[in-house]
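Comments concern the structure below.
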Amino acid sequence: MATPTAIKTPQLTINGRSCGSADSLSVIDPSTGESFIEVPAASLAQLDEAVAAANAAFPAWRATPLTRRQEIVRGIKDVILANIDELALLVTTEQGKPLGNARGEVGASLRQIDFLGSITLDPEVIKDDETGRVEVRREPLGVVGAITVWNYPILAAMFKLIPALVAGNVVIVKPSPYTPVSTMRLGELLQDVLPPGVFQVVAGTDELGSALTAHPGVHKISFTGSVATGKRVMASAAGTLKRVTLELGGNDAGIVLDDADPAVIGADLFWAAFSNSGQVCAALKRLYVPESKFDAICEAVAAEAATVLVGPGLQEGVKAGPVQNKPQLERVRQLTEDAIARGGEAFFTGEVPDGPGYWFPTTLVRHVAEGVPLVDEEPFGPVVPILTYRDVDDAVARANNTDYGLGASVWSPDLDRATAVAERLDAGSVWVNQHPVVTAAVPFGGAKQSGIGVEGSLHGLHGYTNIKVLSVKR
Ligand code: NAD
């Protein structure tokens, strides 16, 4: 078992240099509940410095031809691959997920580079005749403030960094104060391949995030986090009419149709809900099952749950880690206890390690319905309610009866039937026989209050651009 004692303290990255600070953030290993490192926290003066450096770096970076920018961005992949063990160890230590999953996270972040590292961004020609030429170009916005969350620190940062850079922007990342370490290390590592000021990392508290969203020298905010914070970000960004991409929370419903085979889908349903200990924005968070299949589905999902070893991410054989932070643990605990107090039955409760650490057992709850906060709200942890429905109309209406709209899924061997139900669900992504699937080539974003804009694909990259029309009269 590797030990986190080998971890060196990463610094802020401002204008190509590693910088300390008078302030610090204490970062907790959620598998012990104890601080394992103190990292520098950027002051408001350091944020100003970073914004000034970004604005100074922008003209040369935007003037760099796309193919050369892409060549540099492909160099990021080499640096990350050469340091993947270290980055994965940092992710596991600060976030809690099993080491293999942390490696998977870092590896998955490279798919952005594979996808965007060789695309072309030719102007869209609307007219080209004897009277003139009209074309639509995509121009970079300038300085992007990227604010990330604690469930996938490296993936979230890379999903913003790579498209922003390819489009010709410069980026300042503010990681979550719960998980700043791996992102800070990424900032240090990438200074070998990126010009000063093109990618900077300023760790800090929520207040630093707020200052970034209000800063007049920042032109776009790409934010991942809760709906409540997303609204604050949008309000603050309005001061200078910054562009925003908001990737927010979800309360994704899954609907099992009455022809589904519980033995076939049980394990997939489990992992749809419990991957990363349920701390996935587009995890399955409410499962709707017809009466006729209810017992069999509960049994099949619980059978997979029983195979999962929960423990410290550096321990061999562990498949699920702790909840990442204490407030989140308290929230999951409170929602679960409340559901049971209201008549719910926790029909499966897994084992957790003894002792400190933010442990919550894998928990499956039934005999609850809408009106119970565990069903209506997003727990973002290792607990999921399983509900019954009367008919498909009932299931669709209840799945859609929420302000969230991130993802949803339908489960059936009859793909036409499942697709017809999928078409009725109001969400940014609707999956059939899977949940969730997020890749670099496919847009991902929320309907309703789950967000604005998308990440991934050319649509995501376009979010880091302004449209500019060039119109020539001949
Ligand atoms: P949060 O909203 O509290 O914090 C996220 C980030 O915002 C942190 O870096 C934080 O420091 C910063 N922040 C806090 N207040 C701010 C402010 N006023 N201005 C600017 N920045 C501020 O996040 P949380 O609630 O701990 O995270 C969990 C939520 O994130 C869940 O709802 C989850 O679904 C969502 N999430 C969404 C996605 C997605 O892609 N849609 C991905 C992961 C997580």
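The values are calculated or read from the model by the stated rules, or taken from the named source; none is laboratory data. Predicted model only: the values in this text are computed from it and were never measured. In this analysis, Cβ positions are derived from the backbone assuming ideal geometry, glycine residues included, and neighbour counts consider all displayed protein chains. These area figures cover heavy atoms from the full protein model, side chains too; ligands, DNA and RNA do not enter into them. Shrake-Rupley method; radii C 1.70, N 1.55, O 1.52, S 1.80 Å.
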Revision key, fill the gap. Of E351, E330, the only residue that is in a helix (DSSP H, G or I) and open to solvent by 10 Å² or more (accessible area, probe 1.4 Å) is E330
**Study point:** Check on L246, within 16 Å of the ligand (Cβ to nearest atom) and either at pLDDT below 95 or within 26 Å of N101 (Cα to Cα) (or both)
**Key:** yes
Review point. Quick one: how many residues across the range 122-160 are within 16 Å of the ligand (Cβ to nearest atom) and of a type outside the set (F, W, Y)?
Key: 15
Exercise for review: Within the range 216-232, track down each residue that is more than 16 Å from the chain's Cα centre (by Cα), open to solvent by 10 Å² or more (accessible area, probe 1.4 Å) and touching a residue at least 40 places away in the same chain (Cβ under 8 Å).
Suggested key: G217, H219
Review point. When the range 128-150 is examined, which residues are found to be farther than 25 Å from K242 by Cα and open to solvent by 10 Å² or more (accessible area, probe 1.4 Å)?
Key: D128, D129, E130, T131, R133, V134
Revision key, fill the gap. For the range 384-409, the count of residues that are closer than 21 Å to E291 by Cα, under 22 Å from the mean Cα position of the chain (by Cα) and β-branched (V, I, T) equals 1
Practice item. Could you pull out the residue among A408, A422 that is of a type in the set (A, V, I, L, M), crowded, with 17+ Cβ neighbours inside 10 Å and free of Cβ contacts under 8 Å to residues at least 60 places away in the same chain? Key: A422
Point to revise | Single unsatisfied condition, A447 versus (1) free of Cβ contacts under 8 Å to residues at least 60 places away in the same chain; (2) within 16 Å of the ligand (Cβ to nearest atom); (3) within 23 Å of I265 (Cβ to Cβ); (4) open to solvent by less than 50 Å² (accessible area, probe 1.4 Å) | key: (3)
Review point. When the range 183-209 is examined, which residues are found to be outside any helix (DSSP H, G or I), away from the ligand (no atom under 15 Å from the Cβ) and either outside the structural domain of V51 (by TED's automatic domain parsing) or more than 15 Å from K160 (Cα to Cα) (or both)?
Key: Q191, D192, V193, L194, P195, P196, G197
Revision key, fill the gap. Going through the range 450-460 in order, the residues found to be within 11 Å of the ligand (Cβ to nearest atom) and of a type outside the set (G, A, S) are I452, V454, E455
**Study point:** Residue identified as within 19 Å of N325 (Cα to Cα) and within 16 Å of the ligand (Cβ to nearest atom) among G355, G381
**Key:** G381
Point to revise | Selected residue (only one of I80, I28 is touching a residue at least 24 places away in the same chain (Cβ under 8 Å) and open to solvent by 50 Å² or more (accessible area, probe 1.4 Å)) | key: I28
Review point. Of the residues that make up the range 357-371, is at least one open to solvent by less than 20 Å² (accessible area, probe 1.4 Å) and under 12 Å from N251 (Cα atoms)?
Key: no
Check your understanding: Consider A397 against the criteria (1) touching a residue at least 24 places away in the same chain (Cβ under 8 Å); (2) surrounded by fewer than 20 Cβ atoms within 10 Å (Cβ to Cβ); (3) not β-branched (V, I, T): it satisfies all of them except one. Which criterion is unmet?
Key -> (1)
Check your understanding: in the same structural domain as I172 (by TED's automatic domain parsing) and either among the small types (G, A, S) or in contact with a strand residue (DSSP E or B) (Cβ under 6 Å, 6 or more places away or on another chain) (or both): does that describe F294?
Key -> no
